[in-house]
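Written below as structure tokens is the structure these notes are about.
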Amino acid sequence: MTTASAKPVKKPSERGKFAKFGRDLLRDKWLYLLLLPGLVMLIIFKYIPMIDLRIAFMDYKPFKPETSTWVGFAHFQDLFTRPAFLKVLKNTLVISISKMIFGFPLPIILALLMNEMRNLLYKKISQTLLYLPHFISWVIMGGLLMTFLDPDTGVITSIITKLTGQHITVLLDKGAFVPMLIISDIYKGVGWGTIIYFAALSGVDPQLYEAAAIDGARRFRQLIHITIPAILPTVVIMLILNCNNILNAGFDQIFMLYSPSVYDVADIIDTYVYRIGIIKSDYSFSTAAGIFKSVVAMIMMLSVNFAAKKAGGGGLW
């Protein structure tokens, strides 16, 4: 008795792959045409500017670029040896990680609570009111915070004084400035952050809740065994994306609110690079700092994605 030898599976050739892509392109030409504007914008504003990353390795002369000389990694060495940069790196990590710890779970909790609302009118009104702060720019939000936190006439300052008996100037106090940043950032973004979780919750099959109710599971048991597992992959993806922004502590917010009196706790990489790179025209140093941020972001995203896949929670790829 003879057994037929299995024929090796032929891998598609490169020519075959291009032919298949050509057929797909011809078949879905209108969909690819819709993709074209976004692709062009991505190339113009994201990829073409990467050519100028070379100035991080040069002693760049903005008014006489032809006289610029290559200095290798000198600006990166300067970056990691400046005490001021190490200080702003610490501030950036403290503010960013604090925002993540206190701000990341709140949209999830809020979405789960609002998902349990049975009055649809009240639910829609609540969602609208929670979304509104997201559409207020930090320029306007900063002006409102300065008004509310005014040491003499501010409403929030008066409440703090009555509750604590102490007269605190929040915008000038090193101990109160960072908590103010965290609270205001959560207030502005928590409502908008629930949208992605509402989208995930809308995909849960209602029959699962009906079957659980027949088996005697009450709302809390349904939440634990149906709702939370359903949105867990979305939570993992959002966590990976948040870790990607570990060195983005919120330039717009801090730039509108900080002052030299709170530089010790509020000066972050972006504001420091703004002063050094834009005001003092040290473009090579600021570009080196930008590359450092991008490398850290990539490492964080790859690490968290790898850990999430190992833990069985899925990942971005």
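Okay, here's what the table says:
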item	result
Near pairs, Cβ below 8 angstrom, 6+ apart or cross-chain, from the stretch 17-34 (surrounded by 10 or more Cβ atoms within 10 Å (Cβ to Cβ)) to any residue that is not in a helix (DSSP H, G or I)	20/12
Single unsatisfied condition, residue 227 versus (1) under 23 Å from residue 104 (Cβ atoms); (2) surrounded by fewer than 19 Cβ atoms within 10 Å (Cβ to Cβ); (3) more than 23 Å from the chain's Cα centre (by Cα); (4) of a type in the set (Val, Ile, Thr)	(2)
Residue list for the stretch 249-299, restricted to those being within 16 Å of the chain's Cα centre (by Cα), hydroxyl-bearing (Ser, Thr, Tyr) and within 13 Å of residue 88 (Cα to Cα)	none
Number of positions in the stretch 37-62 that are more than 23 Å from residue 291 (Cβ to Cβ) and either polar (S, T, N, Q) or surrounded by fewer than 10 Cβ atoms within 10 Å (Cβ to Cβ) (or both)	2
Filtered residue count, the stretch 123-180, keeping only those that are free of Cβ contacts under 8 Å to residues at least 60 places away in the same chain, assigned to a loop (DSSP other than H, G, I, E, B) and more than 23 Å from the chain's Cα centre (by Cα)	11
Condition broken by residue 143, with the remaining ones in (1) farther than 27 Å from residue 267 by Cα; (2) in contact with a helix residue (DSSP H, G or I) (Cβ under 9 Å, 6 or more places away or on another chain); (3) loosely packed, with under 15 Cβ neighbours inside 10 Å satisfied	(1)
Residue match in the stretch 91-105 (condition: at pLDDT 90 or above, farther than 30 Å from residue 182 by Cβ and in a helix (DSSP H, G or I))	no
Residue within the stretch 13-30 that is within 30 Å of the chain's Cα centre (by Cα) and either basic (Lys, Arg) or more than 27 Å from residue 268 (Cβ to Cβ) (or both) present	no
Restricting the stretch 261-308 to residues that are over 19 Å from residue 50 (Cβ atoms) and among the hydroxyl-bearing types (Ser, Thr, Tyr), the residue that is surrounded by the most Cβ atoms within 10 Å (Cβ to Cβ)	272
Within the stretch 81-90, considering residues that are assigned to a helix (DSSP H, G or I) and without any contact (Cβ under 8 Å) to a residue 60 or more places away in the chain, the one nearest to residue 190 (Cα to Cα)	90
Subset tally (residues that are more than 26 Å from residue 63 (Cβ to Cβ) and either touching a strand residue (DSSP E or B) at 6+ places or on another chain (Cβ under 7 Å) or aliphatic (A, V, I, L, M) (or both)) for the stretch 280-299	5
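The values are calculated or read from the model by the stated rules, or taken from the named source; none is laboratory data. Owing to the predicted nature of the structure, the values given are computational and were not obtained by experimental measurement. Don't worry about glycine lacking a Cβ; one is built from the backbone with ideal geometry, like all the others, and counts go over all protein chains shown.
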